[in-house]
Amino acid sequence: MKKILSLFLVMALLLSVGSALAEKVGISMPTKSLQRWNEDGEYLQKEFEAAGYEVELQYAGDNDVPTQIAQLETMLLNECDVLVITAIEANALGNVLATAKENGVKVVCHDRIILDTPAVDYYATFDNFQVGEIQGQYVVDTLDLANGAGPFNIEFLAGDPGDNNATYFFNGGISKVQEYLDNGQLVCVSGQTGFDQVATPSWKTETAQARMDDIIASYYSDGTPLHVVLCSNDSTAQGATNALVAAGFKAGEDYPIITGQDCDIASVKNIVKGLQAMSIFKDTRILAARTVQMVNSVLAGEEVEVNSVVPNNVLDVPTFYCTPLFADVNNYQELLIESGYYTADQLAD
């Protein structure tokens with residue numbers, strides 16, 4: 001009887017030791033107000049738990065930096081071994097990450113680089129300059145600019161100034177259309193072409209819509225045609241669409257080209273209706289799997305697979321770039337439904 005009891009005690013001890021040694025991942029997402037980050041958080045948690053990790057997932061209110069910092073501090077107190085962070089502001093996390101580094105906690109940036117700190121180990125993302133390039137090239141190709149077509153009128157809606165990715169998206173798009181702005185084939189009637197002029201704080205749809213309302217009223221209410229709104233993501237694209245529809249624009253031959261990013265359900269429905277031309281598809285399942293693979297290698301002491309580096313003003317952060325694609329009315333069914341990303345019912349109006 002004593003031997004049986006001893007065996008049970010040993011087994012219980014081994015189980016408790018195994019539980020105590022279970023590796024824990026803290027996942028910090030910026031907000032639940034955008035579909036994109038809900039999907040990322042869901043996929044990350046699912047992938048990490050399937051790999052045997054304990055997971056602490058937190059959303060920082062509605063892009064609230066102090067909340068994100070406090071949540072990261074709690075994750076450190078809860079003895080997370082790795083922090084996976086999508087930062088709200090690229091250079092706001094230096095102090096809490098310094099604490100992480102002091103305690104040997106590894107930091108993986110998820111889709112947004114964290115700037116101005118040496119306490120960053122790896123970065124998993126999509127090529128965000130390429131995202132903008134794809135958007136800009138879509139405009140060039142659709143309007144046949146390379147063959148001299150034009151002139152066409154264009155306006156810009158960029159992203160959050162605190163999100164380092166927003167400048168990559170905008171600069172990538174500008175890199176494809178700048179020569180046509182310079183030669184007059186594209187004309188920005190408002191004259192608002194600088195990032196600071198066209199940025200959208202917190203990527204808010206209502207902010208983008210309010211700015212687009214003003215642009216339409218000021219520059220296009222006299223019948224001046226608007227041919228393109230180069231939007232950096234779907235929340236800004238939805239703001240542009242809301243303003244255009246409110247101003248009486250209708251889907252069809254004269255409706256502007258609206259670009260976007262993330263393939264939010266609302267934007268894919270707008271693509272089907274002819275109210276948005278395209279959206280960049282960044283498959284969050286692929287990005288989540290890559291982030292988990294990075295963490296597995298880090299904690300196993302193995303070489304981490306990367307294919308680039310990204311400077312964060314302090315060091316060159318080893319990075320893995322996933323490849324973005326674009327969806328439009330011609331390929332969304334194959335890309336989004338047949339791949340299992342969405343069901344047909346989710347995209348039905």
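Numerical summary
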{"quantity": "Label assignment, percent of Cα pairs over 30 Å apart derived from the structure, set [x] 41; [y] 70; [z] 36", "calculated": "[x]"}
{"quantity": "Packing-based ranking, highest mean first, of 243-256, 125-138 given that Cβ atoms within 10 Å are counted", "calculated": "125-138, 243-256"}
{"quantity": "Net length gained if the chain between residue 147 and residue 98 were fully extended (0.36 nm per residue, minus Cα distance)", "calculated": "12.3 nm"}
{"quantity": "Highest average packing first - 52-62, 296-306, 37-47, Cβ atoms within 10 Å", "calculated": "37-47, 52-62, 296-306"}
{"quantity": "Under 20 Å from the residue 183 label point (7 Å along Cα→beta-carbon), backbone N, segment 118-144", "calculated": "133-144"}
{"quantity": "Out-of-range pairs (alpha-carbon distance over 20 Å; input 250/273; 24/106; 46/269; 204/273; 32/204)", "calculated": "46/269; 204/273"}
{"quantity": "Computed [θ] at 222 nm, deg cm²/dmol, the chain (DSSP H ≥ 4; -39,500 (n - 2.57); rounded to nearest 500)", "calculated": "-13500 deg cm²/dmol"}
{"quantity": "Amide proton proximity set for residue 117, modelled H, under 5 Å, gap of 5+", "calculated": "314"}
{"quantity": "Rough spin-label spacing in nm, given labels placed 7 Å along Cα→Cβ, for residue 297 and residue 221", "calculated": "5.6 nm"}
{"quantity": "Student exercise, the chain dipole from Lys, Arg, Asp, Glu Cβ charges, in Debye to nearest 20", "calculated": "760 debye"}
{"quantity": "Amide H within-cut-off set for residue 57, under 5 Å, with H built and near neighbours excluded", "calculated": "27"}
{"quantity": "Residues whose placed amide H lies under 5 Å from that of residue 153, excluding near-sequence neighbours", "calculated": "187, 227, 228"}
{"quantity": "Rounded to 10°, Cα long-axis angle of helix 65-77 versus longest principal axis of the chain", "calculated": "20 degrees"}
{"quantity": "Per-residue Cβ neighbour rank within 10 angstrom, fewest leading, 234, 345, 262, 144", "calculated": "345, 144, 262, 234"}
{"quantity": "FRET E, pair residue 344, residue 309, Förster distance 30 Å, beta-carbon r, rounded to 0.05", "calculated": "0.15"}
{"quantity": "Point-charge dipole on Cβ atoms (K/R +1, D/E -1) for segment 176-309, about Cα centre, debye to 20", "calculated": "340 debye"}
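Read the figures in this text as sums done on the coordinates, not as results from a lab. What you are looking at is a predicted structure, and each value in this text was computed from that prediction instead of being measured. With ideal geometry, Cβ positions are generated from the backbone for all residues, glycine too; neighbour counts draw on all protein chains shown.
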